[in-house]
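Structure, as structure tokens:
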Amino acid sequence: MSELFFIQNGSRRRAKEAKCGFCESLFLTRINSSSKFCSRQCSGKSKISRVELKCYECGTLFERTLYSANNSSKHNFHFCSRKCKDAAQSLSGSCLEIRPTHYGNGLGIYSYRELAFDNFKHECSKCGYSRFKSVLQVHHKDKNRHNNTLENLEVLCPTCHMETHYLDNSGLYTKGA
């Protein structure tokens, strides 16, 4: 048998002939290599490296690579899509183990906006601006964004909000700037 060679990155390499584990075609590989496939496509399509999983949310059967199946889930829950994962993780979902601890407690720094607009008029409490609700802002009177009690919240237009922080010498625009 004659010695086989192939060119890789401009260098001549000694080679052996191997049979692809997926398409069964012959290909050249390095002598000391353990390559089982002729290409990445064959490696990805190979049933050897793929497993069938069942979606925790909808029950659909789907395939993942063995690597992806072993490394994509801390809690061993597998999902066929991001939509199913989000549904299972939601407040009405079935998978409590993967739900973040802050879900549903209403203590997030952004829940105050909905609270204010549900309880106050959609207008600036200082100047009365009410043309566009989306322009209005919610101000924390004690400057603590985690104190979301109604007594601490106030609806302001952007101008009055900046002016309030300027006069208190707090926030983005201060008297020293």
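Laid out as a table, the results:
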read-out: Candidate set: the stretch 17-31, residues that are surrounded by fewer than 14 Cβ atoms within 10 Å (Cβ to Cβ) and in contact with a Leu (Cβ under 7 Å, 6 or more places away or on another chain); chosen: the one farthest from residue 44 (Cα to Cα); value: 17
read-out: Residue 37 free of Cβ contacts under 8 Å to residues at least 24 places away in the same chain and surrounded by 13 or more Cβ atoms within 10 Å (Cβ to Cβ); value: yes
read-out: Counted residues, the stretch 79-126 - those being modelled with pLDDT of 75 or more, closer than 29 Å to residue 147 by Cβ and assigned to a loop (DSSP other than H, G, I, E, B); value: 9
read-out: Qualifying residues in the stretch 1-54 (those that are among the acidic types (Asp, Glu) and assigned to a loop (DSSP other than H, G, I, E, B)) - the one modelled with the highest pLDDT; value: 24
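The values are calculated or read from the model by the stated rules, or taken from the named source; none is laboratory data. As the structure is a computational prediction, the values presented were derived from the model and not from experiment. Cβ coordinates were reconstructed from backbone atoms using ideal geometry, including for glycine residues, and neighbour counts include every protein chain displayed.
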